[in-house]
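Notes follow the structure.
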Amino acid sequence: MQGRFGPAPSTAPAVPYRLLENRPMLLTRDFGLVWSGQLISQIGDGISKLALLWFVYAITGSPLKTSIIGLLQTIPPIVLGPVIGVYVDRLPKKVLLIVSDILRALLIGLIPCLIPVESFTVTILYVLVLFHALATAVFGPALTAAIPAIVPKTQFTAANALLQGTTSLGIIFGPALSGLGIAAYGSQEVLCLNAVTYMVSAGCLVFVRFADSAPSRLPAAEPTTMLRDLIEGLRYSVVSQPIILFLTGTAALYTFGTSALTALFPVFARSMLGLGPVEVGYLWSTMGIGLLVTSIGLIWITSWTLRDRTRLIAGTSALSGIAICALVWTTDPYQAGLLMVLIGGGMGALTPIAWGFIQELAPRHMVGRILGLYGTGAMTAAILGITAFGWITERYGPQTGLVWIGIVLLVTAMAAGWMSRMCERA
């Protein structure tokens, strides 16, 4: 797409990507290694998430203390997201990714195994979760910013979708495996498994060949500071490419609603459908199925124009909004499962497409900063959404909370539709 919202000229040398014709789903050899490592680590993440929550709730019996886990996981990307983005741009992506994986293996894998059961307190777990979240806050933007270094530009959205597919598989299989592991061995032992999954991911990354093995730098005559780099990224997002600002706002609306849905889903399922924990887990997995189907489908739209991709965001967000509202009038668990598949499918389009936008539009030396700003906006909206809809649900009931979450997704669809017209006029 040309014009005001056209891609920024790249000064990076041409990259001889080696597409594997007999493995089109993995795009390139190097991306295949990244994807394989992420598949293992995402399933490990799905296992550990339930183990973390189960450990805290089993020890304390407090929903509030259990919810602190989610808060601790959200603080680093909100507070440090822009700063992390600067260092993602300055430092080699491969080093950042491998070091982050090793740190995560130590913090939520090895250390819990080494601490005696009687000494493994909730306070210690909180500290480990906070530092684990910090390492994850580095890994996420570094991985997304590294996509242009391992796949061709025409495959950015497909690569993002395939990576989201590993998250979907983690949602589908992780909680079930975690429940079996907790029942058989205990939550502390289940956390140890994550050390293995992160080390597998780090091992895969060792063999990945990144096109930009050295970080992009500005000319030596123009020394930069942290503040200057942040201002440069903000100016580019607001002035040079205002569609990125609009995209960030649309993503914030999306996470405002979807984060509340995922955080309060057990409340909705238990209050409205009368489901127990096993049935809630199954119903949650159906959302992961929808997310996976959309992730696979996005592989074939990677060459669409920005306008067409934003129209897809509008359509899928509207689908999620309508399906969420329909849950209010659903009493049958099987019908609810079908709606959850539709909700997950509708939720699966925005993030891979949004990341593809940033990877295509932003200069290579600024991708990390812009992803950091994007992530800060999205995660801040997530906290606000969980808080706001938690209050609405407690005050006015789960039906009212669900309807308003659905309305937020419909507003997201309208914002994406407006953004598609911005692309069309460019």
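Below is a table of values for the structure above.
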| read-out | value |
| --- | --- |
| Selected residue (only one of Val88, Val83, Val122 is within 28 Å of Ile59 (Cα to Cα) and not acidic (Asp, Glu)) | Val122 |
| Search result, residues across the range 172-186 that are part of a helix (DSSP H, G or I) and surrounded by fewer than 24 Cβ atoms within 10 Å (Cβ to Cβ) | Ile172, Phe173, Gly174, Pro175, Ala176, Leu177, Gly179, Leu180, Gly181, Ile182, Ala183, Ala184 |
| Index of the failed condition, Gly401 passing every other in (1) farther than 15 Å from Phe256 by Cα; (2) buried (at least 24 other Cβ atoms within 10 Å of the Cβ); (3) over 22 Å from the mean Cα position of the chain (by Cα) | (1) |
| Tyr282 vs. criteria more than 17 Å from Ser168 (Cα to Cα) and hydroxyl-bearing (Ser, Thr, Tyr) | no |
| For Ala269: the one exception among (1) surrounded by fewer than 16 Cβ atoms within 10 Å (Cβ to Cβ); (2) in a helix (DSSP H, G or I); (3) modelled with pLDDT of 75 or more | (1) |
| Single residue of the range 187-227 satisfying the filter (modelled with pLDDT under 85 and among the β-branched types (Val, Ile, Thr)) that is surrounded by the most Cβ atoms within 10 Å (Cβ to Cβ) | Val190 |
| Checklist (1) part of a helix (DSSP H, G or I); (2) within 17 Å of Leu338 (Cβ to Cβ) applied to Gly257, failing item | (2) |
| Spans of helices (runs of 4 or more DSSP H) in the range 63-120 with at least 3 residues under 17 Å from the mean Cα position of the chain (by Cα), at pLDDT 85 or above and not assigned by TED's automatic domain parsing to the domain that holds Asn194 | none |
| Residues located in the range 329-373, provided they are of a type outside the set (A, V, I, L, M, F, W, C), within 19 Å of Ile171 (Cβ to Cβ) and part of a helix (DSSP H, G or I) | Pro333, Gly337, Gly344, Gly345, Gly346, Thr351, Pro352 |
| Every residue from the range 117-154 that is touching a strand residue (DSSP E or B) at 6+ places or on another chain (Cβ under 9 Å) and surrounded by fewer than 24 Cβ atoms within 10 Å (Cβ to Cβ) | Pro152 |
| Filter result (under 9 Å from Ala413 (Cβ atoms) and without any contact (Cβ under 8 Å) to a residue 60 or more places away in the chain) within the range 304-315 | none |
| Qualifying residue in the range 42-62 (condition: polar (S, T, N, Q) and without any contact (Cβ under 8 Å) to a residue 12 or more places away in the chain) | yes |
| Qualifying residue in the range 11-28 (condition: surrounded by 15 or more Cβ atoms within 10 Å (Cβ to Cβ), part of a helix (DSSP H, G or I) and at pLDDT 70 or above) | no |
| Residue check for Ile147: out of contact with any Leu (no Cβ under 7 Å at 6 or more places or on another chain), in a helix (DSSP H, G or I) and modelled with pLDDT under 80 | no |
| Pair list, Cβ < 9 Å and 6+ apart or interchain, from the range 132-155 residues that are outside the structural domain of Leu97 (by TED's automatic domain parsing) and within 15 Å of Gly85 (Cα to Cα) to residues that are in a helix (DSSP H, G or I) and modelled with pLDDT of 90 or more | none |
| Residue within the range 327-335 that is free of Cβ contacts under 8 Å to residues at least 60 places away in the same chain and under 21 Å from Phe156 (Cβ atoms) present | no |
| Cross-chain or 6+ apart pairs with Cβ under 9 Å, the range 88-103 first and over 11 Å from Thr136 (Cα atoms), then charged (D, E, K, R) and crowded, with 17+ Cβ neighbours inside 10 Å | Val88/Arg369; Asp89/Asp229; Asp89/Arg364; Asp89/Arg369; Arg90/Asp229; Pro92/Asp212; Lys93/Asp212 |
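The values are calculated or read from the model by the stated rules, or taken from the named source; none is laboratory data. What you see is a predicted model; the values in this text were computed from it and never measured. With ideal geometry, Cβ positions are generated from the backbone for all residues, glycine too; neighbour counts draw on all protein chains shown.
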